[in-house]
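This report refers to the structure that appears directly beneath it.
FYI, it's all coordinate maths here, none of it is from the lab. Note that the coordinates shown come from a computational prediction; the quantities given were computed from them, not determined experimentally. Note: ideal-geometry Cβ built from the backbone for every residue, glycine included; neighbour counts use all protein chains shown.
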Amino acid sequence: MTALSPQPVGIPTGAHSAAAEPYWEGCRQGELRYQRCAECREVNMKPARSCGSCGGSTLVWERSEGRGRLYSWTVVWRPQHPTFQVPYAPAIIELDEGFWLMSAIVGCDHQDLRAEMPVVVEFHPASDETVLPYFRPA
Amino acid sequence: MPHPFRDVAIAGVFNTEQARTLEGRDSQSLAVDGALGALADAGLRIEDVDGVAGQFAADMVLGARMGPCSRKLSAHGIPTVLEAASMIAFGECEVVVIGAGGAAMYTERSATAPWTRPANELVVGFGLFTAAEFALMARRHMLQYGTTAEQLALAAATIRNNGHVNPEAVYYGRGPFTAADILESRMVADPFHLLECSMTSEGGCGLVLTTAERALDLASKPVWILGGAGDTYGPAYVIPPVWDLRGRDGDIPAGYVGRRAARTCFALAGLSPADVDVAEFYDPFSFEIIRQIEAYGFCGEGEGGPFVEAGHIGPGGQLPVTTDGGTMSYSHAGLNAQMLQRVIRGVQQVRGTCTTSQVPGAEVAMCTNGGSGALFTDVLLLGGERP
């Protein structure tokens, strides 16, 4: 049995883009944000300045309930960088609001992961500037 | 309308020595060696070159005092070949040389290779790297179609055994492998064990393209481009690799990226999957072989695992795959070289000059690059008959 845990502070986190800064600000405040087009109402997959569906330039940040299902996952035993503690479980979450998000699963054993299992967001700091949205079984 | 590449031929190919590390070498100098080797293979001189393509095009011009010449700067294998072909088809050039190489890049061995680690803010904090990205695609296929770990392992064993018998492969003599051997190697990113992943190495390679008129006067048998196209669903290693991601009008999920491109190639060539004699598939991870067999129409969706189990991708099978050992066993230098090496092996198969795993009488080779976890796939059809 090997429980999946959040990674320690100090892992690589990458430079924040200006377009995604409201997303990261939401994470720091404990809320999961996503962009929706004010014109066509479609959800944008990646923080951007214009809508990928209709080209509209008014993208509104909305708050997700942070609930969804486990769409796909892997369990990593060879870390991409030695600061990561194994095993860890990168996962694609399908949020109830209708978008996919890259994350990682915590709070359960890696052998208990199942397709479509309900999950809920929780936040953990990764650096001074970056708080990451992880998901645990709901 | 005549075929757009009727007057273009691949006249020379070359691989430098490939090894886990090549002491004292760098990527640029290996690209120069690859380019000069390909010119020699074609029987052409540096003075004949009026076009250069590839990531190190400008370095190659200086490194071999070519030119001045036209240049294209694509950093990807098959698109580079298509750029070179277009330089000739457009009448811009008569002899275009491509060079590629990788060395002295993977120095921090406690981490995975630098080109496998995306730096994007949306993925890096979750410890993603190529094996994990591709595993997220493989998992969906296993869930949806019941594809098994043994089927994945058998695809890896088949390719590694092609490298095992190839004296030019970095992992020559390391086998032979059974599927069980593959499954006994340590887990990297579930479902991928170590021996289901591409390895890392160093090396260079090159190709030369020229006009049909000149190629028909040279010593080697010209190899022709019957079709070429590529698909992408977005930036690699930025958005999650979602199997069911679709484009605006798409009925093709991102898991089958490359299907549209393959259809385009077959239509241009006037061929179908049944006409392909050898498949030089890009093999970053075992699952990518199963996915590609389905994506390009060699079998139905979900039938790729049983196709591999039936022995169809091995030597003597109906679709021999990645016959030099690919990125798992032949070489994987990390930038452009290992992508071009799929095309080089396809050329050698159509010429009939492979010293190991030659498919007897191979007339049509399908070469591919990329993969589902990176959301792009490029496809090239090569033939022995002028289109």
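The table below lists the values:
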read-out: Stretch gain in nm, segment A:GLU116-A:THR58, where the contour uses 0.36 nm per residue and the Cα spacing is subtracted; value: 17.6 nm
read-out: Three-way shape call for region A:65-138 based on the alpha-carbon gyration tensor, with the a/c threshold at 1.5; value: oblate
read-out: Sites matching chymotrypsin sites (Phe, Trp or Tyr not before Pro) across region B:1-99 that sit in DSSP coil, with at most 14 neighbouring C-beta atoms within 10 Å; value: B:PHE90
read-out: Equivalent-ellipsoid semi-axes of region B:321-387, from the Cα gyration tensor, Å, largest first; value: 21, 15, 9
read-out: Local net charge near B:ALA157, Cβ-Cβ under 13 Å (Lys/Arg +1, Asp/Glu -1); value: -4
read-out: Region B:130-137 - phi-based ³J(HN,Hα) in whole Hz, Karplus 6.51/-1.76/1.60, Gly and Pro as x; value: 4, 4, 5, 4, 5, 5, 5, 6
read-out: Where trypsin sites (Lys or Arg not before Pro) in DSSP loops with at most 15 other Cβ within 10 Å are excluded, longest remaining stretch of chain A; value: A:50-113
read-out: Footprinting exposure proxy for A:MET117, B:MET187, B:MET339 (fewest neighbouring C-beta atoms within 10 Å first); value: A:MET117, B:MET187, B:MET339
read-out: Unit charges at the beta carbon, dipole of region B:36-153: most positive-side option, B:PHE90, B:GLY63, B:LEU122; value: B:LEU122
read-out: In order through region B:19-30: 3J(HN,Hα) via Karplus (6.51 cos²θ - 1.76 cosθ + 1.60), integer Hz, x for Gly, Pro; value: 7, 4, 9, 10, 4, x, 9, 10, 4, 5, 5, 5
read-out: Principal axis box of region A:15-135, alpha-carbon based, largest edge first, Å; value: 43, 32, 23
read-out: Percentage relative contact order, region B:35-87, counting C-alpha pairs under 8 Å, at least six apart; value: 33
read-out: Cα-only Debye scattering, region B:183-329: base-10 log of I(q)/I(0) at q = 0.09, 0.10, 0.17, 0.20 Å⁻¹; value: -0.37, -0.45, -1.22, -1.47
read-out: Summed residue charge, Cβ within 13 Å of B:THR355's Cβ, Lys/Arg positive, Asp/Glu negative; value: 0
read-out: Debye, to nearest 20: dipole size of the protein assembly as shown, +1 on Lys, Arg Cβ, -1 on Asp, Glu Cβ; value: 220
read-out: Amide hydrogen neighbours beyond the local backbone of B:ALA11, cut-off 5 Å, H modeled; value: B:VAL208, B:LEU209, B:THR210
read-out: Per residue Cα convex hull volume in Å³ - calculated over region B:44-102; value: 73
read-out: Counting DSSP beta bridges with both ends in the protein assembly as shown, the antiparallel % (nearest 5); value: 85
read-out: Spherically averaged projected area of region B:233-306 from its Cα convex hull (nm²); value: 5.8
read-out: Cubic angstrom per residue, convex hull over Cα atoms of chain B; value: 131
read-out: Intensity falloff of region B:131-239 expressed as log10 I(q)/I(0), Debye formula with alpha-carbon point scatterers, at q = 0.10 Å⁻¹; value: -0.50
read-out: Principal axis dimensions, largest first and in whole angstrom, of the protein assembly as shown by Cα; value: 70, 51, 47
read-out: Relative contact order, percent, chain B [alpha-carbon distance under 8 Å, six or more residues apart]; value: 25
read-out: Net charge contributed by nearby residues that have their C-beta within less than 15 Å of B:VAL170 (K/R +1, D/E -1); value: -1
read-out: Loop trypsin sites (Lys or Arg not before Pro), region B:1-89 (other Cβ atoms within 10 Å of the site Cβ: 14 or fewer; DSSP); value: B:ARG6, B:ARG20, B:ARG45, B:ARG65
read-out: Relative frequency of Cα-Cα separations exceeding 12 Å in region A:27-76, percent; value: 66
read-out: Beta bridges per DSSP with both ends in chain B, % antiparallel, nearest 5; value: 80
